[in-house]
Amino acid sequence: MALTADVVVIGGGLAGSCAALAAREAGADVLLVARAPGASAVSSGAIDFAASEDDESIGEAARKLARSPGHPYALLGDGLVPAIDDALALLRRHLVALDLTGARMAADRNLWLPTPAGFAKPTALAQGAIAAGDLRNLGAREARVGVVAFAGSQAVEAGLVASGLSRLLAPVSSAVVVTPDLYSKRGDALRTLPEIARDLDQSGRRAALAESLARAAAQARATHLLLPTLGIDDPVAMRAELERVVQKPVFELLGVPPSVPGLRLQTALERALTKAGVRTVRGVAERGAGTDVQIVRGVECEPVRAGAVVLASGRFLGGGIRCEADGRLRETVFDLPATAAGRNVLTALPNEHLFAERAAGPHPGLAAGVTADAELRAGGVFVCGAVLGGFDPARQQGGLGVCAITGLVAGRRAARSAGRAAASAPGGAVLQ
Amino acid sequence: MKKLVALALLGLRALFLHPFAQLFTPAERKGKRRFLSNYAPEALVPMTAQDRAELPRFSGCINCGLCDAVCPLVGRAAPEDFRGPSLFALAYSRATPELPHLRRVVSALDACGSCHVCQDVCPRAVPLLEIFAFTKRKLLEVDAAREAVADEPAALEAAVPALPGLGT
């Protein structure tokens with residue numbers, strides 16, 4: 001027996017989840033196929049649509065990005081700014097557990113959040129404890145931010161963050177390193193942040209940290225505390241508990257892989273999908289006979305009949321795009337044409353580039369992917385997220401934003417297309 | 001003149017002394033067998049053609065840390081004993097000489113109930129469970145190879161008195 005659904009979404013990261021939620025809200029019956037969490041789970045957890053300069057709004061910055069050639073934002077035309085509004089609303093509606101804070105619509109401004117490398121990242125939305133560390137607020141009044149070092153753990157360079165923050169907050173505010181006597185043993189040196197976060201989920205450990213932080217913060221005369229991580233499960237409650245004991249505002253740092261905020265984002269997305277009534281199947285999606293999809297799990301193989309298909313399989317990390325040994329680029333599910341800078345082949349960089357002191361410039365491979373039309377379609381399926389080429393999230397920023405916006409638009413269009421297909425072929429439609 | 005003497009001595013050694021010494025050297029101390037017996041103490045064991053075919057599949061790890069974040073064993077053992085599945089894919093399955101030093105790490109896998117979560121969560125579909133099995137098997141092979149040569153050298157030394165200056 002074949003599985004059937006109005007809309008089948010391939011990929012369970014932010015793009016696939018937004019597509020599934022949007023299609024579900026449009027009334028479609030949705031099936032989501034995911035092999036593994038993919039890149040959203042290792043992201044910083046910050047949902048940024050476009051890096052802004054000065055006092056630019058998010059919408060203005062996004063319209064600038066849309067002018068760079070081949071960027072997915074360009075495909076949306078005038079629909080870009082309304083799509084940002086809708087994406088922000090969709091995320092806030094479905095990810096309540098994350099306490100997302102920041103912009104409410106495209107006319108709002110970005111938050112400026114401290115990164116683990118000591119820079120400021122402009123971002124539209126972040127999880128509550130992270131968003132509270134908005135540098136615009138901190139820079140405006142006299143603050144002495146205590147960057148908490150888990151001294152034994154190599155996971156975060158507190159000194160680097162503190163020197164970066166001092167530069168960013170000068171001349172009004174400054175930053176110092178605060179070293180609590182927790183996670184300072186030799187064995188702690190190997191701990192990763194997810195391990196520490198999981199450890200902090202136990203109430204005894206939380207209390208121990210709060211006490212030792214109170215002492216260390218007083219000693220360093222810090223007015224605010226910036227922690228590398230709070231617990232995974234309930235950062236909101238943990239932050240409140242710490243603030244009660246320490247008597248100072250407590251913030252959390254953005255993540256780097258392995259990223260605690262990324263893991264929280266993935267968990268919240270999966271819960272939101274279940275709550276919204278999206279059926280989720282674990283397995284590898286493949287092109288089936290004709291134009292259908294099939295789900296492969298080990299030796300089992302299940303055909304799926306879909307009204308419309310949304311491809312949200314990610315780029316290299318998610319496994320949606322592969323670069324073969326000969327340099328040829330391949331889209332892995334439907335074998336859609338994949339390109340980088342207009343070519344199907346990635347050529348190796350000359351050695352002098354690899355050993356140059358400074359990066360030579362943007363690498364075409366980092367923006368590799370499928371090219372879609374203005375309907376976000378390619379080869380009969382709707383395409384969204386990082387599997388779409390034309391943008392380099394590391395250089396241009398806005399990686400998760402592109403996923404949220406294109407996911408939302410692709411999901412809605414897929415629902416509409418499936419509705420039309422069902423109306424014209426009541427016996428059950430296959431994708432065209 | 002000095003050069004000529006040196007050349008003559010080298011020639012003497014290569015053409016006469018070395019072949020002469022070889023005549024009295026037992027088979028275990030020369031040729032391929034001696035070559036191979038040097039590998040085992042350094043924990044270098046043969047890679048079969050099948051092992052070689054599997055290694056590219058094992059090497060897909062991108063160090064994203066998702067498996068370590070979901071593995072229920074992490075945090076149960078001391079971090080220096082078991083930091084999570086990713087290190088097996090990143091390092092431990094690569095070089096057998098490291099394995100004897102990683103005995104505690106490998107034995108931490110005995111508590112792994114093959115819950116699959118690490119493998120299911122991997123964005124690159126790295127076959128972690130196969131890597132665990134591979135690493136355990138290689139450690140056993142290393143131990144067996146080292147045990148086999150452990151008693152041999154003593155016996156060999158006793159049978160053949162060293163011939164100083166006549167390196168074989």
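Looking at residue A:276, is it modelled with pLDDT of 95 or more, within 23 Å of residue A:231 (Cα to Cα) and outside the structural domain of residue A:144 (by TED's automatic domain parsing)?
no
Could you list all residues from segment B:67-104 that are more than 10 Å from chain A (Cβ to nearest Cβ) and charged (D, E, K, R)?
Matches in segment B:67-104: B:76, B:94, B:98, B:103, B:104.
Give, as residue ranges, the helices (runs of 4 or more DSSP H) completely inside segment A:315-432 that count at least 1 residues that are touching a strand residue (DSSP E or B) at 6+ places or on another chain (Cβ under 9 Å) and closer than 26 Å to residue A:43 by Cα.
Helices (runs of 4 or more DSSP H) meeting the threshold: A:399-424.
Could you list all residues from segment A:9-47 that are more than 14 Å from every other protein chain (Cβ to nearest Cβ), over 25 Å from residue A:101 (Cα atoms) and not in a strand (DSSP E or B)?
A:26, A:27, A:28, A:29
Kindly provide the set of residues from segment A:232-286 that are in a helix (DSSP H, G or I) and β-branched (Val, Ile, Thr), ordered by number.
Passing the criteria: A:236, A:245, A:246, A:260, A:267, A:274.
Of the residues B:46, B:56, which is of a type outside the set (Val, Ile, Thr), closer than 24 Å to residue B:90 by Cα and either in contact with an Asp or Glu (Cβ under 7 Å, 6 or more places away or on another chain) or within 14 Å of chain A (Cβ to nearest Cβ) (or both)?
B:56
If you go through segment A:377-398 one residue at a time, how many are surrounded by 24 or more Cβ atoms within 10 Å (Cβ to Cβ) and either closer than 22 Å to residue A:90 by Cα or among the basic types (Lys, Arg) (or both)?
The total comes to 8.
If you take the residues of segment B:129-148 that are free of Cβ contacts under 8 Å to residues at least 40 places away in the same chain and among the hydrophobic types (A, V, I, L, M, F, W, C), which of them is surrounded by the most Cβ atoms within 10 Å (Cβ to Cβ)?
B:129
Quick one: what pairs do we get from segment B:85-109, first residue of a type in the set (D, E, K, R), second part of a helix (DSSP H, G or I), C-beta under 8 Å, 6+ apart or different chains?
So the pair list comes out as B:98/B:91; B:98/B:92; B:103/B:139.
Could you figure out which of (1) touching a Leu at 6+ places or on another chain (Cβ under 6 Å); (2) at pLDDT below 90; (3) closer than 23 Å to residue A:186 by Cα isn't true of residue B:84?
(1)
Against the condition at pLDDT below 95, within 26 Å of the chain's Cα centre (by Cα) and not assigned by TED's automatic domain parsing to the domain that holds residue A:407, how does residue A:354 come out, does it pass?
no
State whether the residues of segment A:48-59 include one that is modelled with pLDDT of 95 or more, part of a helix (DSSP H, G or I), crowded, with 24+ Cβ neighbours inside 10 Å and away from chain B (no Cβ under 14 Å).
Among the residues of segment A:48-59, at least one is modelled with pLDDT of 95 or more, part of a helix (DSSP H, G or I), crowded, with 24+ Cβ neighbours inside 10 Å and away from chain B (no Cβ under 14 Å), which makes the answer yes.
Looking only at segment A:1-44, which residues are buried (at least 24 other Cβ atoms within 10 Å of the Cβ) and among the hydroxyl-bearing types (Ser, Thr, Tyr)?
Residues satisfying the conditions are A:17, A:40, A:43, A:44.
Identify, by number, the condition in (1) within 14 Å of chain B (Cβ to nearest Cβ); (2) out of contact with any Lys or Arg (no Cβ under 6 Å at 6 or more places or on another chain); (3) of a type outside the set (D, E, K, R); (4) under 23 Å from residue A:162 (Cα atoms) that residue A:187 doesn't meet.
(4)
Tell me which helices (runs of 4 or more DSSP H) are completely within segment A:121-187 and hold 1 or more residues being touching a residue at least 12 places away in the same chain (Cβ under 8 Å), surrounded by fewer than 20 Cβ atoms within 10 Å (Cβ to Cβ) and polar (S, T, N, Q), or say none if there are none.
A:158-169
From the set of residues in segment B:110-128 that are in contact (Cβ under 8 Å) with a residue 60 or more places away in the chain and touching a Pro at 6+ places or on another chain (Cβ under 8 Å), which is nearest to residue B:144 (Cα to Cα)?
Step by step, filter segment B:110-128, then rank; the result is B:128.
Only one residue in A:101, A:115 is touching a Gly at 6+ places or on another chain (Cβ under 7 Å), of a type in the set (Ser, Thr, Tyr) and in contact (Cβ under 8 Å) with a residue 24 or more places away in the chain. Which one?
A:101
Within segment A:244-267, is even one residue within 14 Å of chain B (Cβ to nearest Cβ) and farther than 23 Å from residue A:114 by Cα?
Checked segment A:244-267: at least one residue is within 14 Å of chain B (Cβ to nearest Cβ) and farther than 23 Å from residue A:114 by Cα.
When the residues of segment A:281-297 are filtered to those that are within 11 Å of another protein chain (Cβ to nearest Cβ) and surrounded by fewer than 15 Cβ atoms within 10 Å (Cβ to Cβ), which remaining residue is nearest to the chain's Cα centre (by Cα)?
The extreme case among them is A:282.
Taking only segment A:305-328 into account, find how many residues are more than 14 Å from chain B (Cβ to nearest Cβ), surrounded by fewer than 22 Cβ atoms within 10 Å (Cβ to Cβ) and either under 29 Å from the mean Cα position of the chain (by Cα) or not charged (D, E, K, R) (or both).
Going through segment A:305-328 one residue at a time, the tally reaches 2.
When the residues of segment A:191-223 are narrowed to those that are among the aliphatic types (A, V, I, L, M) and surrounded by fewer than 19 Cβ atoms within 10 Å (Cβ to Cβ), which ends up farthest from the other protein chains (Cβ to nearest Cβ)?
Ranking the candidates gives A:218 first.
Given the options A:236, A:256, name the one that is surrounded by fewer than 24 Cβ atoms within 10 Å (Cβ to Cβ) and in the same structural domain as residue A:169 (by TED's automatic domain parsing).
The unique qualifying residue is A:236.
Pick from B:146, B:124, B:137: which is within 30 Å of residue A:256 (Cβ to Cβ) and charged (D, E, K, R)?
Exactly one residue qualifies, and that residue is B:124.
The values are calculated or read from the model by the stated rules, or taken from the named source; none is laboratory data. Every value quoted in this text rests on a predicted model; they were computed, and no experiment measured them. Here Cβ is always computed from backbone atoms with ideal geometry, including for glycine, and neighbour counts include all displayed protein chains.
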